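Every number here is computed from the coordinates shown, using simple stated rules; none is lab data. Predicted model only: the values in this text are computed from it and were never measured. Cβ placement follows ideal geometry from the backbone for every residue including glycine, while neighbour counts extend to all protein chains displayed.
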Amino acid sequence: MQPPFRPGSTPRHPTSGELLLTPPRPAPAEATILVVENEANNRCLMEQILGFAGYRYRSATNGLEALDVLDHEHIDLVLIDLSMPVLDGYRATEIIRQRPGGATLPIVAVTAHAMSEDRELALQSGCTDYLAKPYRATDLLRVVERLLRGMGDSEGS
């Protein structure tokens, strides 16, 4: 499957040609976002949205890889799927919260689990916020911008 748009191009809806994103506001120059997603298409989409908006990102395909990235790199925000092999997002979030600096790291659950009880489980495991799939690019960027600017209070989106 081909990605919905190429890095550096203006993302448009595949059938209508409608512009999917308005030109982005400048991203915080130092912000690096960790994308933790085992499905390649979902990971690629998040990376493209973040890249288009000017964010730097790193990627991991499961919670164990995410922990390794966090051990070796400075990360400002984590976008994490909850259902992954090896180490799921719930447990990975719990582990991150126990580590030095992990208590204040913004972690957003980005998941297909869209029931209200799923949202509550994500927040109980330590996620700062929750975004249900499918999501609009503008919704993802709104959550990221809000949390990176320190205005987040787990209101949801």
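The figures follow:
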quantity: Where a residue in the range 34-49 is surrounded by fewer than 20 Cβ atoms within 10 Å (Cβ to Cβ) and its partner, wherever it lies, is among the charged types (D, E, K, R), with Cβ under 7 Å and at least six apart; calculated: N38/D81; R43/E37
quantity: Residues within the range 25-50 that are in a helix (DSSP H, G or I) and of a type outside the set (D, E, K, R), tallied; calculated: 9
quantity: Residue in the range 131-141 that is over 21 Å from N38 (Cα atoms) and more than 12 Å from the chain's Cα centre (by Cα) present; calculated: yes
quantity: Options V108, V69, V78; residue that is among the β-branched types (V, I, T), surrounded by 21 or more Cβ atoms within 10 Å (Cβ to Cβ) and within 9 Å of V36 (Cβ to Cβ); calculated: V78
quantity: Total residues in the range 44-96, condition over 20 Å from L123 (Cβ atoms) and hydroxyl-bearing (S, T, Y); calculated: 4
